[in-house]
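The values are calculated or read from the model by the stated rules, or taken from the named source; none is laboratory data. A quick note: this is a predicted structure, and the numbers were derived from the prediction, not measured. Here Cβ is always computed from backbone atoms with ideal geometry, including for glycine, and neighbour counts include all displayed protein chains. With ligands, DNA and RNA removed, areas are computed over all heavy atoms of the protein, side chains included. Shrake-Rupley method; radii C 1.70, N 1.55, O 1.52, S 1.80 Å.
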Amino acid sequence: MELMCSCDDPRRRVRGYSDVSSPTSSRLPWARFSAWLECVCVVTFDLELGQAMELVYPHDLRLTDKEKTSICYLSFPDSYSGCLGDTQFSFRLRQTGGQWSTWFVEDGTYNREVPVALQKETAHYFGYVYFRQVKDSSVKRGYFQKSLVLVSRFPFVKLFHSLLQLIAPEYFDKLEPCLEAVCNEIDQWPAPVPGQTLNLPVMGVVIQVRIPCKSDTPGSSPQRQLNQENLLPAPFVLPSVQELDLFRCFQPVLIHIQMLWELMLLGEPVVVMAPSPTISSETVLALTSCIAPLKYCCDYRPYFTIHDNEFKEYTTRTQAPPNIILGVTNPFFIKTLQQWPHIIRLGELKMSGDLPKQVKVKKLTKLKTLDTKPGIYTSYKTFLHKDKTLIKRLLKGIQRKRPSEVQSALLRRHLLELTQSFIIPLERYLASLMPLQRAITPWKNPPQVRPFRQEEFFKSLEHAGPQLTSTQKGDWLSFYRRFFRSPNFDGWYRQRHKEMSQKLQALHLEAICEANIEVWMKEKSEVEIVDLVLKLRDKLMRARCQHLPVKEEVLHKLEMYTDMIISSLPEDLQSILQHH
C-alpha cells in the first residue's frame, strides 16, 4: 500500500481564501497584510555604516541578517547610476531563513488557480523600491537618500509600483505614522483571489485590480467585471497586476526580439548591463515574460550588485555560468562576467529620427573595456529565421505615433503565438502518453503515464509540428533538442506530468465510485476487505491533501462506501477501524 500523506505538519496547516476574510482571522494581527506583503522596509544612508535598515514593519517580522544586508544593498542604486530625484525599480533575492510567514501561510489554492508565471514564490522574495535622492543642506553628505521597499512573494510589479507611487511621496513627508496607517489599511484588504475584481483602499484611493486565473484565455484582455458597489471616489483601475510595457522595455533591441525569445526559452545565462536599476530590472522582467504562458523556470535577478550573497558563485571562472539572468548597472561587471555567453549592454535610449536606435550583435571578444558601447555581445546563432513582418509593423507604428500600449499588445501577441506554436506539438505528444480511460479499472492501481521519448516526439513532428500553426521557418528539430536540455523543459514536463498523474488518480476514484462494491465484497475475505478500507481511506486523504481534480460528491460517495464496508464487518473489527 502506498505511503499516506500527512496534513498535520504545523508549518503546512494553513488558511485558505475564505479563512483570511473570516471574522476570526481578521482579528489575527497582520493576517490580511501578510496575504499580500511580507513586510515594508525603510533603508537609509548612514555615514558610518553605508546603507542601513532604518525600519521594518510590522516590527516583529524576523528577517535574517543576510536578508537585511541584501535588502539594504539592493534598495539603493549604485553610484554609477547617478539617480537624482525619485527612482523606482525591482529586485529578487533568495530567502536564507527557513521560516514561514508568522501570520499567514497560503494553502496552495492561489498557486493552483493562477497562470504559472504569477505563482507565489516559495524560496525568493521580490523587492519593489521607491528611492529618493535630493539635495539637502541639513544633511552632512549634502543629500537626502532613502528607499521605501515593499517585500512580497508575488510578482505583481505593476500593482506594487503603483502602490509605491501613492504612498512613498507621502511617507517621505510624514514618516513613520503615515507608514503605520498605510500598513493598517493593507491589513483590511481582501485576499488575493484569482479571477475576482478586488477593491484595495489606500490613502483615500481605491485601487481596483483583477488577478488573472488559469482558465483565462492567454493573451486576452483583462476581463471587465461590473462592480455592484458605488465606490466614491471612483476607483483607480489597474488593467494588469504584472504586465510591463514590453515595447518600451525592448525599444533598443526590437530587431533582435527573436534571438532574445530563443535565449529565454533555452534558459541561457544572460547579463543585462544597463545605465540604471530601473532599465535593468524592467528589461530582465520583460525578458522572463517573453515565453508566457510557459513559466520561466531558471533563476533571475532584476537588479544585482557586487555586494550580493551570490556574487562569488556567479562570477567564478572555474565553472560554466549558471542558468540565470542578471540585471546589473556597475561597469565593473564587464570584467568579472566576461566569460558569460550572452551580454546585453544597454545605454540611454537614443533616437535615430523617429525610431529608437537599435543595438548591434557583436562578438564577445569586443567586450573588453568599461566604456564598451551598447550591443548584444554573443556568438549565438538563432535556430529560427527572423520575422521581418513584426519588425515592419512595429516600426510603422513608431512612425505613425501609435500608442505604446498598442505596440506592446502587438509584441506580446506575437511572442505568445510563437511560444504556443512551439509548445502545442509538445502538448499534443504528451496527451498521447496518457493511458486510455478504459484501461482504468476500480480494483487495480491506475496505469502510469508513458515515458517521454524524444525520438518518438521527433517523429510526431513530421505530421504535427509547429508548421501547422506557424509560418516561421528554421531548424525547429535542433531547437527542440536544445530545449530538452534546459531547465524550462524540465520545469514544464514535471508540472505537466504531475497534473496528468493526478488526473489518472481522479479518474481511478471515479471508477471506484461507479463500481458495485457489494458484489466485489461477496467473494473476499475479511483481510482483503480491511485492506480495501485502508486503501480507500488513504486515497481519500491523498485526494484532499493533493487537491486532486475530483468532484466533492465523488469523495463524499467514497466516504459513504467506506462506512458501509466497515458496518458489514464484525464488531471487533469495526471498533478497530473506527479508531484507526
Dipole check, region 417-498, charges on Cβ (K,R +1; D,E -1), about Cα centroid: among GLN467, VAL449, LEU426 the Cα furthest to the positive pole belongs to VAL449
CD proxy, 222 nm, the chain: helix-only mean residue ellipticity via -39,500 (n - 2.57) per DSSP H run with n ≥ 4, per residue, nearest 500, stands at -12000 deg cm²/dmol
With x for Gly and Pro, the residue-by-residue ³J(HN,Hα) of region 383-391, computed from phi through the Karplus equation 6.51 cos²θ - 1.76 cosθ + 1.60 at θ = phi - 60° and given in whole Hz, is 7, 10, 6, 5, 8, 6, 4, 4, 4
Diffing region 131-143: the Karplus 3J(HN,Hα) column from phi (6.51, -1.76, 1.60, θ = phi - 60°), in whole Hz with x for Gly and Pro, holds 9, 10, 9, 9, 5, 8, 5, 7, 9, 3, 6, x, 9
Rounded to one decimal in nm, the spacing of the 7 Å Cα→Cβ label points at SER501 and GLN165 is 4.5
The pairs in LYS295/LYS473; LYS366/LYS396; LYS214/LYS381 lying past 26 Å Cα-Cα in this model are LYS366/LYS396; LYS214/LYS381
Output ordering of 295-307, 545-557, 327-339 (per-residue mean of other Cβ within 10 Å, highest first) is 295-307, 327-339, 545-557
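Just subtract the alpha-carbon distance of GLU571 and MET521 from 0.36 nm times their residue separation and send over the number in nm, one decimal.
16.3 nm
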The value for region 516-579 (convex hull of the alpha-carbon atoms, volume per residue, Å³) is 83
With x for Gly and Pro, the residue-by-residue ³J(HN,Hα) of region 302-316, computed from phi through the Karplus equation 6.51 cos²θ - 1.76 cosθ + 1.60 at θ = phi - 60° and given in whole Hz, is x, 9, 9, 10, 5, 8, 5, 4, 9, 4, 5, 4, 8, 9, 5
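Pairs LYS392/LYS459; LYS335/LYS360; LYS120/LYS158; LYS444/LYS524: which are spaced more than 26 Å apart, C-alpha to C-alpha? Walk me through the intermediate numbers first.
Details: LYS392/LYS459 35 Å; LYS335/LYS360 20 Å; LYS120/LYS158 15 Å; LYS444/LYS524 15 Å.
Among LYS392/LYS459; LYS335/LYS360; LYS120/LYS158; LYS444/LYS524, the Cα-Cα distance tops 26 Å for LYS392/LYS459.
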Computed from every Cα-Cα pair in region 417-498, P(r) in 5 Å bins starting at 0 and rounded to whole percents is 3, 13, 23, 23, 17, 9, 7, 4, 2, 1
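Using only the Cα atoms of the chain, what semi-axes does the equivalent ellipsoid have when each is the square root of 5 times a gyration tensor eigenvalue? Give whole Å, largest first.
On the way: eigenvalues 423, 218, 99 Å².
In descending order, the three semi-axes are 46, 33, 22 Å.
What does the highest-first list of 63-74, 477-488 look like by mean Cβ count within 10 Å? Please report the intermediate quantities before stating the final value.
Values: 63-74: 18.9, 477-488: 15.5.
The most tightly packed comes first, giving 63-74, 477-488.
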Between the modelled labels at LYS386 and VAL205 (7 Å from Cα along Cα→Cβ) the distance in nm is 4.1
Quick calc: nm separation of the 7 Å Cα→Cβ label points for SER138 and LYS363 -> 5.9
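Mind giving me the FRET efficiency for PHE236 and ARG481? R0 is 60 Å, r the Cβ-Cβ distance, nearest 0.05 is fine. Display every interim value, and only then the final one.
Details: r = 48 Å, r/R0 = 0.80.
Efficiency for this residue pair is about 0.80.
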Once PHE311 and GLN437 are pulled to full extension, the length gained, defined as 0.36 nm per residue separation minus their Cα-Cα distance, is 40.2 nm
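What is the percent carbon and sulfur in the accessible area of region 31-190, measuring with a 1.4 Å probe over the protein chains and ignoring ligands? Mind showing how you got there, number by number?
Details: 3120 of 6440 Å².
With neighbouring chains kept in place, the figure for region 31-190 is 49 percent.
Taking 60 Å as R0, compute the FRET efficiency from the Cβ-Cβ separation of ARG402 and GLU559 and round it to 0.05. Mind showing how you got there, number by number?
Details: r = 59 Å, r/R0 = 0.99.
Plugging the Cβ-Cβ distance into 1/(1 + (r/R0)^6) gives 0.50.
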Gyration tensor (Cα only) of region 246-406 to equivalent ellipsoid, semi-axes in Å sorted down, yields 26, 17, 15
Quick calc, region 417-498, dipole around Cα centre from Cβ unit charges on Lys, Arg (+) and Asp, Glu (-), nearest 20 debye, gives 340
For LYS140, the aspartates and glutamates lying under 15 Å Cα to Cα, once residues fewer than eight places off in the same chain are dropped, come out as ASP46, GLU48
Residues meeting the amide H criterion for TYR143 (H placed from the backbone, H to H distance under 5 Å, 5 or more places apart or on another chain) are ASP136
